[in-house]
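Undergrad: My structure is below; once you've seen it, I'll send some questions.
Bear in mind these aren't lab numbers, they're just calculated from the coordinates by the rules spelled out. Worth saying up front: this structure is predicted, and the values here are computed from it rather than measured. Here the Cβ is made from the backbone with ideal geometry for all residues, glycine too, and neighbour counts use every protein chain on show.
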Amino acid sequence: MSTPIQNRQGNATRMRLVKAAEKLFAAQGVDAVSVRSVNSAAGLGPASVHYHFGTKDDLLAAVLLDLGGAVRDQIRVNVDRLAASPVPPTADTLVRAVTGPYLELLLRQRVRGMRWVKIIAQISQEGHPALEAAGQHLSESLLDQVRRVYPESDQDRLALRWAISVMGFLQALSRADEWSHGAGRLSPEDLTAFYEDLVLFVVGGVDRLLGS
């Protein structure tokens, strides 16, 4: 039986691996990062990832959950709130329900939050299985709310068109600091303003894709 000290040591080691992988995945891309490089960056032995996580995909899921669990849970709360209302949400309300938690994460944890957004933006294009393992996939409850907003939309294409809109948001948000005109990291106020512009853009795109 493991002792509390061993458990704490194991948790600390897993967190070292998660943070090392987070930095590498965000900077180099998930596909370009090897398990060996994660172990090395964490200053651990060559079998550490395998011992603590099993596979690289399992490590990626742990990276997504470390910060993304709160994002996922808040989106679920927001979507459930929309579902409980007898009045269908507006496009703006729906987009904010899904995207607002990303901004909240960045305002809470700017550096690590942006790394997480970069990773999500990257793998969302590929439909990576770690997205579902970490609860970051497109849920049926969310699609139900999209249908309430756009009941006349082509139902066969609704999920894909909604996903395109959200991916556009993620891609833009992941590059927010790159578009700061050389000023470096955006201030919280500028980041919020950037988010508001993105919401307007996404709502317009959703309306064109699903409302026509």
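Undergrad: Restricting to Cα pairs below 8 Å that are 6+ residues apart, what does the relative contact order work out to for region 64-210? Please round to a whole percent.
TA: Rounded, it is 31 percent for region 64-210.
Undergrad: Say a site is exposed when it is one of the GluC sites (Glu not before Pro), sits in a DSSP loop, and has at most 11 other Cβ atoms within 10 Å; what is then the longest site-free stretch of the chain?
TA: 1-125
Undergrad: With contacts defined as alpha carbon pairs under 8 Å and 6 or more residues apart, what's the relative contact order of region 40-120 in percent?
TA: 28 percent
Undergrad: How much net charge surrounds Ser124 when only the other residues with a Cβ under 13 Å from the Cβ of Ser124 are counted, with Lys and Arg +1 and Asp and Glu -1? If you can, show how the numbers build up before the last one.
TA: Working: positive: Lys118; negative: Glu126, Glu132.
It works out to a net charge of -1.
Undergrad: Give me the Å³ per residue figure for the convex hull around the C-alpha atoms of region 64-210.
TA: So the per-residue Cα hull volume is 104 Å³.
Undergrad: Now, a different point. Run the numbers for Arg76 and Tyr51: contour at 0.36 nm per residue of separation, minus the present Cα-Cα distance, in nm. Before the final figure, lay out each step's value.
TA: Numbers: separation 25, 0.36 × 25 = 9.00 nm, distance 3.21 nm.
Result: 5.8 nm gained on full extension.
Undergrad: Taking the dipole about the Cα centre of the chain, with the C-beta of Lys and Arg at +1 and of Asp and Glu at -1, give me whichever of Ser34, Gln122, Ala159 is farthest to the positive side.
TA: My answer, from the dipole projection, is Ser34.
Undergrad: For n ≥ 4 DSSP H runs only, could you compute -39500 (n - 2.57) per run for the chain, divide by its residues and tell me the 222 nm figure to the nearest 500? Spell out each step's value before the answer.
TA: Working: 10 runs with 154 residues, N = 212.
Theoretical 222 nm ellipticity from helices: -24000 deg cm²/dmol.
Undergrad: Now, a different point. Could you line up Leu64, Leu24, Leu107 from fewest to most neighbouring Cβ atoms inside 10 Å? Mind showing how you got there, number by number?
TA: Values: Leu64 26, Leu24 22, Leu107 13.
Listed from fewest to most nearby Cβ atoms, that is Leu107, Leu24, Leu64.
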